[in-house]
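First comes the structure, then the notes that go with it.
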Amino acid sequence: MSSETSTKTTARRKPRAKGANEQLVRLNVNLNAETAEALKEIADQRGISFTEAVRRAISVYKFIDDETQEGHRIQTVDPERNEVRELVLM
């Protein structure tokens, strides 16, 4: 048996308005329990659906990937500690 967990959710929110040219693609994804819990936590904290949390995560990843492909660095700054950390994707 695999260590992956399949999580099914049924959205009870109002459907997103689709633009004239927007096509939706149904995608089934298997997540391990830790990843599914992280996604649920993000969705709950923000009051959004799993689907919207995935959309946002993909958008953030794409932004980070595009920036690093351009040679830019992604950093976080803790002004209280005067600390800079750099995000490195492998």
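Coordinate-derived values only; no laboratory data. Please read all numbers here as calculations on a predicted model, not as lab measurements.
Give the long-range amide H neighbours of I74: residues separated by 5 or more places, or on another chain, with amide H under 5 Å away, using H modelled in the peptide plane at 1.01 Å from N. Amide H neighbours of I74: L87. Subtracting the Cα-Cα distance of E41 and V29 from 0.36 nm times their residue separation leaves 2.6 nm of extension gain.
Working note: Debye formula, equal point scatterers on the alpha-carbon atoms of the range 21-87, no solvent; log10 I(q)/I(0) at q = 0.14, 0.23 Å⁻¹ is -0.65, -1.07.
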